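Please treat every number below as a calculation from the coordinates, not as lab data. Model, not experiment: these values are computed from the prediction. Counting neighbours? That spans all protein chains shown, and the Cβs are built from the backbone with ideal geometry, glycine included.
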Amino acid sequence: MQRVSNAKARPLLTAYQSHPIPFHKPNLGSTDRLALLEAFDAGEIGGGGSVGREVEKRLQALFQVNNALLMTNCSHSLEMALLIAGVSPGDEVLVPSFTFASCANAIVLRGAIPVFVEVAADTMTIDPADIEHRITPRTKAIMPVHYAGVAADLDPIMEIAAHHNLIVIEDAAQGVDAKYKGHYLGTIGHMGAYSFHSTKNITCGEGGAFLTSNAEFARHAEIIHEKGTNRAAFLRGESDKYSWVSVGSSYVLSDLLAALLNSQLDQMNAIRARRQAIDSHYRAGLADLEAAGLLQIGRIPHYAESNYHIFYVLLKDRVIWEETYSAMREQGVQATFHYVPLDTAPFGQQIRPAGYADLTRTNDLAGRLLRLPIYPDLSDDEVDYVIEAMHRALGQ
Ligand SMILES: *Cc1c(COP(=O)(O)O)cnc(C)c1O
């Protein structure tokens, strides 16, 4: 690619140093504001009202799944999925260590044991080849995480699960509007969880969804998420009163936030298109660094259609990572790391069984991963600048 000379780059450098390019900006506009005000003016502030119901139907149609429930967040959706799966004290659940704390929390809250699995080096998603030998008679479920909006390789995972009678719960927090072999993420396993947190592609600030096409799981979910009552059945006229029928919690999303989410869903294609353009721009601009062996760009395998949630590169080693991270920050680009593998985090270390063997591949990869800014508001000029900054950081 054509790069600006140092003389031209200098004024830009100082400008960005005083006003750094943020790592993330939520994508909110005037239509979102109007949608929120409309719900407010209609007095729809509680959960499970007409807006929430409409958005749930919309999610079902958009993502081709029989049941979608709006939830307070993705963490609660994962907790509910494990409750429905009947995960009990002493049970084991397979999960990558390279993920957000919510995954392991959901398991630990059931009194169950997270069994950490390596990630594949090209996608940072659970490595199917590392699953089988970690299965024991106590294994109940597998929780693949679709990192960066790129699908974990679900076919072999579903095959292993069927063979060992395990339940698959997809953490599709980052996978809204992304696909695996033509199917939407979150709809392929037995249950799935979405996040609409402000850091995600489609957001209502705090929010999530629980997805399943299994009628029995759906019936259970609609009770659990309404405090363990049969309120939903009562509202459908299937019961003449409603009462406490099962264990549950308060997981229903406010209609105010559902209205905001509805407005975001209107923009889903535009949001994905802009993110895709930035992703392509980065790939073209960093291709020479990859060809020179200085970094490796996160791969999108042929089976995956990404939503371009994260753009990341893997640096050659930890020392180069440290230097690159500092150099990017010094140039006014808020590039950043990602997860500290859960088994090496303070709480993970506390709950490790005796003789625990480190996940050496995951730990190595996690220490070399650098995320670059990607969001619809990021301009082409800013992307060019980030590409320049990466070249300078790597001495090119
Ligand atoms: C964001 C995220 C979550 C948590 O989502 P919340 O809606 O904030 O609870 C869980 N897992 C992964 C992989 C995430 O990226």
Selected residue [part of a loop (DSSP other than H, G, I, E, B), buried (at least 21 other Cβ atoms within 10 Å of the Cβ), small (Gly, Ala, Ser) and at positive phi] from GLY175, GLY186: GLY186
Taking only region 156-172 into account, find how many residues are assigned to a loop (DSSP other than H, G, I, E, B) and either touching an Asp or Glu at 6+ places or on another chain (Cβ under 8 Å) or crowded, with 17+ Cβ neighbours inside 10 Å (or both). 2
Yes or no: ASP384 in contact with a strand residue (DSSP E or B) (Cβ under 8 Å, 6 or more places away or on another chain) and in contact (Cβ under 8 Å) with a residue 24 or more places away in the chain? no
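A quick yes/no check of all residues on (1) over 23 Å from TYR194 (Cβ atoms); (2) in contact (Cβ under 8 Å) with a residue 12 or more places away in the chain; (3) surrounded by fewer than 22 Cβ atoms within 10 Å (Cβ to Cβ):
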residue	(1), (2), (3)
PHE234	yes, no, yes
GLU238	yes, no, yes
VAL245	yes, yes, yes
ALA258	no, yes, no
HIS302	yes, no, yes
HIS309	no, yes, no
In region 45-84, what count of residues is obtained for those that are of a type in the set (Val, Ile, Thr) and in a helix (DSSP H, G or I)? 3
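Table: residues versus (1) of a type in the set (A, V, I, L, M, F, W, C); (2) away from the ligand (no atom under 16 Å from the Cβ); (3) over 18 Å from LEU78 (Cα atoms); (4) touching a residue at least 24 places away in the same chain (Cβ under 8 Å).
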{"site": "ILE202", "(1), (2), (3), (4)": "yes, no, yes, yes"}
{"site": "PHE210", "(1), (2), (3), (4)": "yes, no, no, yes"}
{"site": "GLU216", "(1), (2), (3), (4)": "no, yes, no, no"}
{"site": "GLU222", "(1), (2), (3), (4)": "no, yes, no, yes"}
{"site": "GLU226", "(1), (2), (3), (4)": "no, yes, no, yes"}
Would you be able to tell me the number of residues in region 125-155 that are part of a helix (DSSP H, G or I), within 16 Å of the ligand (Cβ to nearest atom) and either in contact with a helix residue (DSSP H, G or I) (Cβ under 7 Å, 6 or more places away or on another chain) or on the phi > 0 side of the Ramachandran plot (or both)? 2
Expected single match for within 14 Å of the ligand (Cβ to nearest atom), crowded, with 19+ Cβ neighbours inside 10 Å and either of a type in the set (Val, Ile, Thr) or touching a residue at least 60 places away in the same chain (Cβ under 8 Å) (or both) among PHE116, PHE98 is PHE98
List the pairs whose first member sits in region 364-377 and is closer than 16 Å to ASP122 by Cβ, whose second member is surrounded by fewer than 22 Cβ atoms within 10 Å (Cβ to Cβ) and of a type in the set (Asp, Glu), and whose Cβ atoms are under 8 Å apart, counting only residues at least 6 apart or on separate chains? ARG368/ASP317
